Amino acid sequence: MDESAGIRSVQRVDARHRYEILVDGRRAGLAAYRDRGVQRVFFHTEVDDAFAGQGLGAELVQSALDDVRGSGKRVVPVCPYVAKFLKRHEEFADLADPVTSDVLSWLEDELR
């Protein structure tokens, strides 16, 4: 089955603290976050195996970062995928705040 032919969209789902990428209305991946003041702390990104290798992760993160920029927030890339994306896409470098022990401790408490 060729899943890549579907219509893609990314939406922010505030109630679940995540961005979702949909293909033909079916959730294909997500980028989870928590807000810490003006910072949006991304801690997990995943794409369903059925949609792997189609660039959906990059599309998802790019859309999420565009949304963060539009909201005036900053990004803390705890998620390794988001951190790697930021290193490869310098146009988002101005949004990034460092991952600190304070952020990690806060996130651990937040996720309990």
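Could you tell me whether any residue of region 44-61 is surrounded by fewer than 18 Cβ atoms within 10 Å (Cβ to Cβ), more than 19 Å from VAL23 (Cβ to Cβ) and either modelled with pLDDT of 95 or more or hydrophobic (A, V, I, L, M, F, W, C) (or both)? Yes - at least one qualifying residue is present in region 44-61. For SER9, indicate whether it is of a type in the set (Ser, Thr, Tyr), in a helix (DSSP H, G or I) and more than 10 Å from the chain's Cα centre (by Cα). No; evaluated as a whole, the condition is false for this residue. Of all residues in region 76-96, exactly one satisfies the criterion of being closer than 20 Å to GLY37 by Cβ, open to solvent by 30 Å² or more (accessible area, probe 1.4 Å) and in contact (Cβ under 8 Å) with a residue 24 or more places away in the chain, namely VAL78. Looking across LEU65, LEU104, one residue alone is open to solvent by 70 Å² or more (accessible area, probe 1.4 Å) and either at pLDDT 95 or above or closer than 17 Å to ASP14 by Cβ (or both). It is LEU104.
Would it be correct to say that LYS73 is within 14 Å of the chain's Cα centre (by Cα), open to solvent by 70 Å² or more (accessible area, probe 1.4 Å) and of a type outside the set (S, T, N, Q)? When the stated conditions are applied, LYS73 does not pass them. Looking only at region 2-18, decide whether some residue is farther than 22 Å from VAL99 by Cβ, touching a strand residue (DSSP E or B) at 6+ places or on another chain (Cβ under 9 Å) and crowded, with 18+ Cβ neighbours inside 10 Å. Within region 2-18, one or more residues are farther than 22 Å from VAL99 by Cβ, touching a strand residue (DSSP E or B) at 6+ places or on another chain (Cβ under 9 Å) and crowded, with 18+ Cβ neighbours inside 10 Å.
The values are calculated or read from the model by the stated rules, or taken from the named source; none is laboratory data. Computed from a predicted model, the values in this text were never measured in an experiment. Quick reminder, even Gly has a Cβ in these numbers, built from the backbone with ideal geometry, and neighbours come from all protein chains shown. In case anyone asks, the SASA skips ligands and DNA or RNA and just uses the protein heavy atoms, side chains included. Shrake-Rupley method; radii C 1.70, N 1.55, O 1.52, S 1.80 Å.
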